[in-house]
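Novice: The structure's right below; bear with me while I get my questions together.
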Amino acid sequence: MNILLKNNIDETILFSQHISFEKRQFVDICTGLSKTVLAEKYSSAKYGSMKDIKFFAGLIVDLFDRLIGTPGTAFRRMLEEAAENEDYIVLMTPGFRNVKASANLIFELALPQINMRLINRSFPPIAELKLPRLASPCENYASLSEKEREITGFLTDHILPGPAFFEDRCIHVIFGDDIHITGSSSNKYRRECLESGARSFFSVYAVMMDPEIAFSKPSIEEALNSSRVTGKLDGSAFEILSQIDFNPVLRSLRLLLKKENYENLAAFLPLIPLQNVLKVYLSYMNNESLENENYRCSMSLLKQFLINKKALTAGGYPTTFEAQNDRLGFGH
């Protein structure tokens, strides 16, 4: 597993797996060995497979373990400086409104393990800094005009801490994400954080894509995302949505509810554990509009399915929550 960039120039960009794309398959950039299994795990994790999210969280923990234990690197020097000066270290992951992405869950799971390793080596722990979005990420960004992109970016982009957050504090920033493709997100984080007063800035990824492939083949990220999950309500979707510890992410909501899958939704829902269908409903209701044409019909069908199963009241509220309100004397 790699720690630094292939050219070893930038010691602030760190990653676990470095992959490329050759002869229609993902491969290790150094050995040329197939990374098909890794790609499929990444695809499943991207759509919310908890067992695969835990796998990538493990890669992140292993990466930090090596970074913490390797003297002389920029990251280790940052830790030593933070310990000596009683500085703070924060971790940021891509912003979200009310439904997390796989990257958020990966680092959320990894962070407690990382902090135990830091404390055991007398380094300060990392504080998680959750960044909000004003709206969900745009689905059809590539089809928007330049003006629409400006408006969409303003409404949906991450909200980063400003100079007041860094004022009179020595804060080192770590940006964590599941994959580095072009680096556009982390470059914006880096620029704004350093300009606002961050002491240092590091980017950490589970997977690094070969930059030559990333820039010459922009569709490579979608190819990776779909290397296992097809976008249809098939076996790959069932495997994710039926997991006992299923935790909806934005992609799993859109997978189940997009209008392209509406015709198969009624037959698919009874196959999924009822509590997971309810999780999808509650997550959607916290993040999207019922008037969204991409999901309106599917949400209507899903809502009626849950009412028929007595998981929702006729008004569309969870029956367990209604029962709890009765016990507390709040009524309906």
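Nothing in this text is a laboratory measurement; each read-out follows from the coordinates by a stated rule. These numbers were taken from a predicted model, which means no experiment stands behind them. So basically every Cβ, Gly included, is an ideal-geometry build from the backbone, and we count neighbours across all protein chains shown.
Novice: Could you pull out the GluC sites (Glu not before Pro) across segment 63-135 that fall in loop regions by DSSP (anything but H, G, I, E, B) with no more than 12 other Cβ atoms inside 10 Å?
Specialist: Loop-located and lightly packed - E86.
Novice: Helix 274-285 versus the longest principal axis of the chain: what is the Cα-based angle in degrees, 0 to 90, to the nearest 10?
Specialist: 70 degrees
Novice: For segment 39-79, which chymotrypsin sites (Phe, Trp or Tyr not before Pro) pass both filters: DSSP loop (anything but H, G, I, E, B) and at most 15 other C-beta atoms within 10 Å?
Specialist: Listed in order of number, the matching sites amount to none.
Novice: For every helix of n ≥ 4 consecutive DSSP H residues, a contribution of -39,500 (n - 2.57) applies; sum these over the chain, divide by its total residues, and give [θ] at 222 nm rounded to the nearest 500 deg cm²/dmol.
Specialist: -14000 deg cm²/dmol
Novice: Along segment 75-90, what does the Karplus equation 6.51 cos²θ - 1.76 cosθ + 1.60 (θ = phi - 60°) give for ³J(HN,Hα), rounded to whole Hz, x for Gly and Pro?
Specialist: Each residue of segment 75-90 in turn: 5, 5, 5, 4, 4, 5, 5, 5, 5, 5, 9, 6, 6, 9, 10, 10 Hz.
Novice: Would you please give the residues with an amide H less than 5 Å from that of E128, counting only those at least 5 places away or on a separate chain, with H modeled from the backbone geometry?
Specialist: L91
Novice: Which residue fluctuates the most in the chain, going by a Gaussian network model with Cα springs under 10 Å, if the choices are I213, I119, I171?
Specialist: I119
Novice: Can you work out D for the chain in µm² s⁻¹ from Stokes-Einstein, where Rh is the Kirkwood radius over C-alpha pairs, the temperature is 10 °C and the viscosity is 1.306 mPa s?
Specialist: For the chosen part, D equals 73 µm²/s.
Novice: While we're here: Across segment 235-328, what fraction of all alpha-carbon pairs, as a whole percent, falls in each successive 5 Å bin from zero upward?
Specialist: That works out to 2, 13, 26, 26, 20, 8, 3, 1, 0, in percent per bin.
Novice: Taking amide H positions as placed in the peptide plane 1.01 Å from N, state which residues far from F202 in sequence (5 or more) or on other chains have amide H under 5 Å from it.
Specialist: Correct list: V173, I174, F175.
Novice: Now, a different point. Express as a percent, rounded to the nearest 5, the fraction of DSSP beta bridges in the chain (both residues included) that run antiparallel.
Specialist: The antiparallel fraction comes to roughly 25 percent.
Novice: Considering only lysines 8 or more places apart in sequence, or on different chains, count the pairs in segment 13-225 whose C-alpha atoms sit under 21 Å apart.
Specialist: Lysine pairs, 8 or more places apart or on different chains, close enough: 21.
Novice: Just to confirm the filter: which GluC sites (Glu not before Pro) across segment 249-318 are DSSP coil and have at most 16 other Cβ within 10 angstrom of their Cβ?
Specialist: Qualifying residues, ordered by number: E291, E293.
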